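Notes to accompany the following structure.
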Amino acid sequence: MPIAFALHLLAAMAWVGGMTFALLILRPAAGTLDMPMRVALWSRVLNRFIPLVWVAVITLPATGYWMIFQGFGGFVALGLHIHVMQAAGWVMIGLFLLAYFRGFLPMHRMLRELLIPEAGLYIERLRRIMQVNLVLGILVLSVAGAGRYW
Ligand code: HEM
């Protein structure tokens, strides 16, 4: 249980923290670069960040349900905040899959064919999905942390 809880927190930190850094810090800073440089930068950033998110989207439900079944005795006695976390967590995971298959993979296809502006359009799509996920992630973290005091 303590290991599962620690892994759960680390996964949430890596995912939501990474999105916060990417959207609130890196994006405005990279905005001054010209388009080919920006696309090159974002493709390298995403190549490192996306595998980390894969680890997080597997770790979060795996450790979450481990805690539910090993520590809380199943779904019967769960607090409302855990139901909310779980539901919003699956929406976040669904959006990540959308960003991966409809943004990240096509971006790579465009880059292989040296279609830089088109790759930029897919990065833009990925960014919009990530923005929604960041808002959801902040809500989930607030609910997860404060929920026990409801
Ligand atoms: C996908 C399904 C998920 C399940 C089944 C799940 C389940 C759980 C459970 C059982 C706990 C322990 C609650 C407690 O001790 O009161 C927990 C805590 C937590 N979860 Fe999740 N979770 C999920 C997704 C997420 C996501 C997507 C995030 C954030 C991105 C997240 C962030 C947290 C945090 C920050 C805590 C610690 C709350 C505290 O202070 O006790 N979880 N989760």
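The values are calculated or read from the model by the stated rules, or taken from the named source; none is laboratory data. Note that the structure is a prediction, hence the values are computed from the model and not measured. Every residue, glycine as well, gets a Cβ built from its backbone with ideal geometry; the counts of neighbours run over all protein chains shown. For accessibility, only protein heavy atoms count, side chains too; no ligands or nucleic acids. Shrake-Rupley method; radii C 1.70, N 1.55, O 1.52, S 1.80 Å.
Taking the longest Cα principal axis of the chain as reference, the axis of helix 35-70 is set at about 10 degrees.
For the chain, the Cβ-based charge dipole about the Cα centre amounts to some 120 debye (Lys, Arg positive; Asp, Glu negative; other atoms uncharged).
Relative to the present Cα-Cα distance, how much length would full extension add between Leu80 and Arg27 at 0.36 nm per residue of separation? Display every interim value, and only then the final one.
Working: separation 53, 0.36 × 53 = 19.08 nm, distance 3.52 nm.
Answer, rounded to one decimal: 15.6 nm.
Taking the longest Cα principal axis of the chain as reference, the axis of helix 116-146 is set at about 20 degrees. Counting only protein heavy atoms and a 1.4 Å probe, the chain has 59 square angstrom of accessible area per residue.
The relative contact order of the chain, computed from alpha carbon pairs under 8 Å that lie at least 6 residues apart in sequence, is 32 percent.
Classified by the C-alpha gyration tensor, the chain has a prolate form. Its axis ratio a/c, with a ≥ b ≥ c, is 1.5 or above, and a/b is larger than b/c.
Per-peptide packing, taken as the mean over residues of other Cβ atoms within 10 Å, places 29-42, 97-110 in the sequence 97-110, 29-42 from highest down. The GNM of the chain, with springs linking C-alpha atoms under 10 angstrom apart, assigns the highest mean-square fluctuation among Ile82, Ile58, Ile123 to Ile58. Compared with the direct C-alpha span, the chain from Ser142 to Ala14 gains 44.5 nm at full extension, assuming 0.36 nm per residue.
Surface composition of the range 2-149: carbon and sulfur make up 73 percent of the accessible area, probe 1.4 Å. What is the helix-to-structure angle for 2-20, meaning the angle in degrees between its Cα long axis and the longest Cα principal axis of the chain, kept from 0 to 90 and rounded to the nearest 10? Computed tilt is about 30 degrees.
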